[in-house]
Amino acid sequence: MVGAKQAISNGVRLAIKRFTQMRNITFQKEDLRTLKELKLIENENLNKFYGIAFNQQNEFVVMWILCSRGSLEDILFNDELKLGRNFQVSFAKDVVKALAFIHASPIMYHGLLCLQNCLVDSNWTVKLTNFRTEEIISDKMYHNEIRAVTSELEDESERLIDRKYIQQAPEVIREIVTRKALPPGGQPQDIYACGMVLYQILYRVEPFHERGKSIAKLMDLIAMSNDDDQLIRPSFPSTVGKDTESYNLQLLSCIEACWLEIPEMRPNIKKVRSLTNSNLKSTGKGSLVDQMMKMMEEYTTNLESLVRDRTAMLEEAQKQADRLLNNMLPRSVAEDLKVGKPVLPQLYPCATVLFSDIRGFTRISSTSTPLQVVTFLNDMFSGFDSIIAKHDAYKVETIGDAYMIVSGVPKENGNYHVQNIADVALKMRTFVSNFKLAHRPEELMMVRIGFHSGSVAAGVVGLAAPRYCLFGDTVNTASRMESTGVANKIQISEQAYNLLHCFFPQFNMSERGKIEVKGKGECLTFWLDSSKAPPQSANRFKSQMQLSFFLKSCWNLPVKAESINAANHGT
């Protein structure tokens with residue numbers, strides 16, 4: 001029931017309409033006879049009338065049995081609910097069958113037949129409701145015996161009630177417009193409304209939808225049109241789908257006959273029922289419930305396909321999220337965070353940290369547009385990323401044109417961290433030397449690189465946007481190696497030089513000498529010049545002396561030159 005609320009009485013779920021009672025109410029004998037017939041009448045296509053409560057607590061309550069699926073309006077105009085032709089045929093036949101029973105019963109007519117007063121039960125059977133009670137309610141409101149509860153006078157409810165009235169016969173609408181009350185009904189008025197209901201069921205459109213006017217204006221037009229040349233009636237849609245052709249002219253003529261202006265000229269319900277049954281045939285086998293089960297099977301199949309598609313989309317989205325997370329954090333750290341494991345800060349005894357900086361970046365940025373700068377950095381850093389991907393190294397972060405890399409963290413790799421960073425540094429220098437700016441191809445690009453080996457602390461910082469950060473003197477020293485370096489050169493610390501010279505003799509290095517380093521005083525630094533093919537035994541510890549030298553270098557302990565030579569020769 002549109003605009004109705006729910007209640008439970010003696011375990012029965014009810015749809016109720018509540019009104020405020022203004023004074024003591026009495027019913028005439030005719031109304032009492034009608035209410036008695038309403039209590040007695042039963043049919044599979046009629047909703048059961050439960051009763052009326054009045055003269056108690058100043059309330060007037062009308063109660064009907066609740067149909068949980070709602071009204072035909074809720075079903076027909078729900079775009080997400082795909083109904084087959086068989087459902088529309090069944091709905092139309094149920095409405096005509098129910099109205100035929102009412103017209104042959106002692107209550108004689110419905111009084112306010114409309115799509116909103118056609119309910120659907122759990123078996124998809126249409127049941128007419130609110131027959132004769134709307135007339136009683138309107139009469140009581142007209143005589144100021146009851147009035148609508150203020151909290152229930154919502155815009156949506158008012159709009160739905162108006163849609164009930166627009167489906168009524170012109171003579172009824174004229175009374176509603178002039179008297180503001182529903183007049184006594186009759187069978188010809190039911191026939192007109194039946195035509196409106198059939199029209200909406202078959203075409204799934206609202207009456208007068210093509211006019212684009214408000215319901216209030218349409219009701220005024222209908223009330224004023226009593227000339228045959230000015231009659232306002234719905235028009236049949238020209239194209240509404242593949243099933244339109246099966247609605248033959250005889251059925252459409254029957255619906256138009258229901259809308260005749262003169263009530264006496266409208267066909268009776270027997271004629272309407274005969275034409276409806278003969279022209280609307282179900283294409284499926286079995287009852288509507290059987291057809292519904294078949295539809296549910298098809299729906300289940302479609303749903304399984306939809307679930308597979310959505311699952312694939314979810315998996316792809318998850319992969320994209322994993323790729324993004326792996327770009328922000330080391331893979332091992334990202335995996336721990338995804339399963340909820342805490343990532344505790346950790347001290348790594350020896351790792352190598354690299355910093356790089358593009359020469360003349362400030363000058364290039366000042367003479368380029370923001371888009372050109374972003375494109376330039378994206379192209380260059382994408383090249384750096386591809387180099388790192390081929391080595392056991394991790395890009396920690398980028399700040400402007402600065403680029404920070406580490407090896408040996410969080411995955412420890414013995415003494416290979418310095419080799420990885422050295423290889424990366426040489427390849428980065430070569431890449432930048434061959435790099436051409438798209439908007440300034442004549443610009444000669446150079447990069448300043450520096451790295452240092454030593455102990456570092458690492459951990460995840462932040463919750464909303466977690467970042468993997470490095471801390472310690474090694475990071476500061478590596479940054480100084482870059483900032484005090486020279487363009488197109490790779491400056492390395494003494495500790496990094498010792499490790500490379502001891503374990504990876506394929507790298508060619510030259511001494512730069514002592515330079516002043518902020519916070520550390522004078523430091524001996526070296527240039528990494530090039531690399532040659534490593535000897536077969538270069539990446540293995542040759543003796544216990546080499547292992548001792550490696551540990552001392554990582555912890556910045558003094559190492560004598562003769563110890564280095566002895567380690568290199570394995571003596």
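The values are calculated or read from the model by the stated rules, or taken from the named source; none is laboratory data. Note that the structure is a prediction, hence the values are computed from the model and not measured. Note that we place each Cβ from the backbone using ideal geometry, even for glycine, and neighbour counts take in every protein chain shown. Accessible surface is based on the protein model in full, side chains and every heavy atom, while ligands, DNA and RNA are left aside. Shrake-Rupley method; radii C 1.70, N 1.55, O 1.52, S 1.80 Å.
Worth a mention:
- Whichever aspartates and glutamates have a C-alpha closer than 18 Å to that of Lys338, once near sequence neighbours (fewer than 8 apart) are set aside: Glu315, Glu316, Asp322
- Only protein heavy atoms count here; under a 1.4 Å probe, Phe60 has an accessible surface of about 0 Å².
- For Ile191, solvent-accessible area (1.4 Å; no DNA, RNA or ligand), Å²: 10 Å²
- Solvent-accessible surface of segment 395-486, taken per residue with a 1.4 Å probe and all protein chains present: 40 Å².
- By accessible area with a 1.4 Å probe, ligands and nucleic acids excluded, highest first: order of Leu524, Leu314, Leu306: Leu314, Leu306, Leu524
- Computed over Cα pairs, the Kirkwood radius of the chain leads via Stokes-Einstein (0.890 mPa s, 25 °C) to a diffusion coefficient of 77 µm² per second.
- Amide hydrogen proximity for Val447: with H placed 1.01 Å from N in the peptide plane, the residues at 5 or more positions away or on another chain lying under 5 Å are Arg359, Asn488.
- In order along segment 328-338, the phi-based Karplus estimate (6.51 cos²θ - 1.76 cosθ + 1.60, θ = phi - 60°) of 3J(HN,Hα) comes to 8, 9, x, 4, 5, 5, 4, 5, 5, 5, 5 Hz; Gly and Pro are listed as x.
- Average accessible surface area per residue within segment 259-381, 1.4 Å rolling probe, Å²: 66 Å²
- Links that overshoot a 22 Å alpha carbon limit, given the list Lys427/Lys489; Lys436/Lys518; Lys140/Lys217: Lys436/Lys518; Lys140/Lys217
- Over 23 Å (Cα to Cα) - which of Lys390/Lys411; Lys97/Lys164; Lys390/Lys514; Lys93/Lys213; Lys82/Lys319 fall in this group: Lys390/Lys514; Lys93/Lys213; Lys82/Lys319
- Separation in nanometres of the label points that stand 7 Å from Cα toward Cβ, at Glu256 and Lys520: 9.7 nm
- Nonpolar atom fraction for the chain, defined as the carbon and sulfur part of the 1.4 Å probe accessible area, stands at 53 percent.
- The candidates Asp190, Asp529, arranged from most to least accessible area with a 1.4 Å probe in the full protein assembly, appear as Asp529, Asp190.
- 16 Å Cα-Cα reach of Lys520 towards aspartates and glutamates, excluding residues that sit fewer than 8 places from it in its own chain: Asp473, Glu482, Glu494
- Normalised by the number of residues in segment 321-432, the average gap of Cα pairs under 8 Å and 6 or more apart makes the relative contact order 30 percent.
- Asp79 contributes an accessible area of around 130 Å² to the protein surface, as traced by a 1.4 Å probe with all chains present.
- Taking every protein chain into account, the accessible area of segment 29-161 amounts to 45 square angstrom per residue (probe 1.4 Å).
- Most to least accessible of Leu437, Leu337, Leu275 (protein chains only, probe 1.4 Å): Leu337, Leu275, Leu437
- Nonlocal amide H pairs with Glu397, under 5 Å, H built at 1.01 Å: Met404
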